[in-house]
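Written out below as structure tokens is the structure these notes cover.
The values are calculated or read from the model by the stated rules, or taken from the named source; none is laboratory data. If you're wondering where the values come from, they're calculated on a predicted model, not measured in any experiment. FYI the Cβ positions are ideal-geometry reconstructions off the backbone, even for glycines, and counts take in every protein chain you see. Areas reflect the complete protein model, heavy atoms only, side chains present, ligands, DNA and RNA absent. Shrake-Rupley method; radii C 1.70, N 1.55, O 1.52, S 1.80 Å.
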Amino acid sequence: MAVQAQSPIDTQALRADFAVFDELLNGRPVAYLDSASSTQQPRQVLAAMRELSAHSYANVHRGVYTLAERATAGYEGAREKVRAYVNAPSNREVIFTRSATEALNLVAYSWGLENLGPGDLVVITELEHHANFVPWQFVAKKTGAQFVHIPIDDLGELQLDTLDEIASRGNVKVVANNLVSNTLGTINPVEKLAAWAHEQGAIMVVDAAQAAPHRRIDVQALDCDFLAFSSHKLCGPSGAGALWGRRELLEEMQPFNLGGEMIRSVSLERTSWNELPYKFEAGTPAIAEAYGFGIALDYVTAVGLEAIERHEHELVAQTMDRLAEIPGIRVFGPPADRRTGIVSFELQGVHPHDVAQILNWEGIAVRAGHHCTQPLMTRLGVAATTRASFYLYSIPDDVDRLIAGLHKVKETFGA
Ligand SMILES: Cc1ncc(COP(=O)(O)O)c(C=O)c1O
């Protein structure tokens, strides 16, 4: 219980905001250890979305009547909250998307297809989520650019000493990296990569899906060119995400989706594009979800990102220490002080899906699989791992139950 004493978050009070913790699943309260996948949503977010949908709902930007004005104010207010959250210079640079995945596809298609060609290099890393890997691989293939990766060492940290050799292979045009690995929790040196990318004349694309919920994000301090993240990983609803991009780049880019909202004028002969950010927001957006995203940012900000970081660190450190005492467990990734609240491991002789299944019987929700990082799985020499991930509502009892659950798995399988 030492962790509880040290935690900068009053988890007991805060958990009252999350209805799921009052419920029994398989006869037990849930130990929710899958927040890296999607977080739970507090009543403040759910109530705000319901309120907007019930009393202030209409399509945004189009109507002059009161309901449309209220909906537009809610939607644009959320954009301002996203801007402030990542310290972007202007909310014209903030584009609402469905998700981080859509945001990264937007950059790969709209920037990549126009700016890449033979002789160019698209540089990603061995620990990217598929969302920041597959779009770049696809666009590189389409444009004739080379798709190259920065390797990781055995602790899952980027081998930056390979950068010179990589640069010697061609014109580095894009460097794309996650700020935090969703599988290992590794905090990646994105500022260094951004500086290197700019020395090469390349753009730096940051996948912050796994960082934005847990660490303060400042696009100006990172000195990146694009940054993507999702609402559903920071207490908001699914169906909303954001892309921040440098204005000069966004201005030059072609739209990603075409249709209503993103046009300035349309005639039989030609169509011209709307101003930023609407050029990249074709069609009716996810209005209540964007609004809920903004309320979630308020919620996380009120808890405090430094507090969240320290709270998760305590839980992860405790988890790693206790996993190390269980024979047959191999933990992947760097030491606790160089990761966020994510621990991936394997239990020798037991498939991760079986581990997750038995833990589920105990009311413990963990993720088993490749976590959308198959190249990383190949590097680690496994097909899948079991992953426990923490967030602001996680408690030391979750760790106790995970450890007890793993002993049960071992007994069941004689492992
Ligand atoms: C590092 C990372 N990038 C991108 C994504 C994709 O996010 P979304 O599914 O919200 O588009 C995820 C989701 O797990 C992630 O962890």
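Okay, here's what the table says:
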{"quantity": "Placed amide H near ALA240: partners under 5 Å, 5+ positions off or other chain", "calculated": "SER231, HIS232"}
{"quantity": "Whole-number percent relative contact order across segment 239-313, with pairs defined as alpha carbons under 8 Å at least 6 apart", "calculated": "28 percent"}
{"quantity": "Segment 316-399: C-alpha gyration tensor shape, a/c 1.5 cut-off, then a/b vs b/c", "calculated": "rounded"}
{"quantity": "Accessible area in the full protein assembly, largest first, 1.4 Å probe, for THR125, THR72", "calculated": "THR72, THR125"}
{"quantity": "Share of pairwise Cα separations in the chain, more than 35 Å, in percent", "calculated": "30 percent"}
{"quantity": "Over the chain, relative contact order from alpha-carbon pairs under 8 Å, at least 6 apart, %", "calculated": "23 percent"}
{"quantity": "When each of LYS233/LYS410; LYS141/LYS233; LYS173/LYS279; LYS192/LYS233 is checked by Cα-Cα distance, pairs over 27 Å", "calculated": "LYS233/LYS410; LYS141/LYS233"}
{"quantity": "Positive-pole candidate from ILE203, HIS61, GLY144, dipole of the chain, charges at beta carbon", "calculated": "HIS61"}
{"quantity": "At most 12 other Cβ within 10 Å, DSSP loop - GluC sites (Glu not before Pro), segment 291-378", "calculated": "GLU325"}
{"quantity": "Rounded to the nearest 20 debye, dipole of the chain from Cβ charges on Lys, Arg, Asp, Glu", "calculated": "760 debye"}
{"quantity": "Loop sites in segment 192-290: GluC sites (Glu not before Pro), DSSP, at most 12 other Cβ within 10 Å", "calculated": "GLU269, GLU275"}
{"quantity": "Heavy-atom accessible area order for LYS192, LYS279, largest first, 1.4 Å probe", "calculated": "LYS192, LYS279"}
{"quantity": "Cα shape, segment 219-302, gyration tensor, a/c 1.5 rule", "calculated": "oblate"}
{"quantity": "Dipole moment magnitude, nearest 20 debye, segment 163-254 about Cα centre, only Lys, Arg, Asp, Glu C-beta charged", "calculated": "340 debye"}
{"quantity": "Helical segments meeting 18 Å axial Cα length and Kyte-Doolittle 0.0 threshold in the chain (DSSP H)", "calculated": "287-303"}
{"quantity": "Whether segment 221-268 is rounded, prolate or oblate, judged on the alpha carbon gyration tensor where a/c under 1.5 counts as rounded", "calculated": "oblate"}
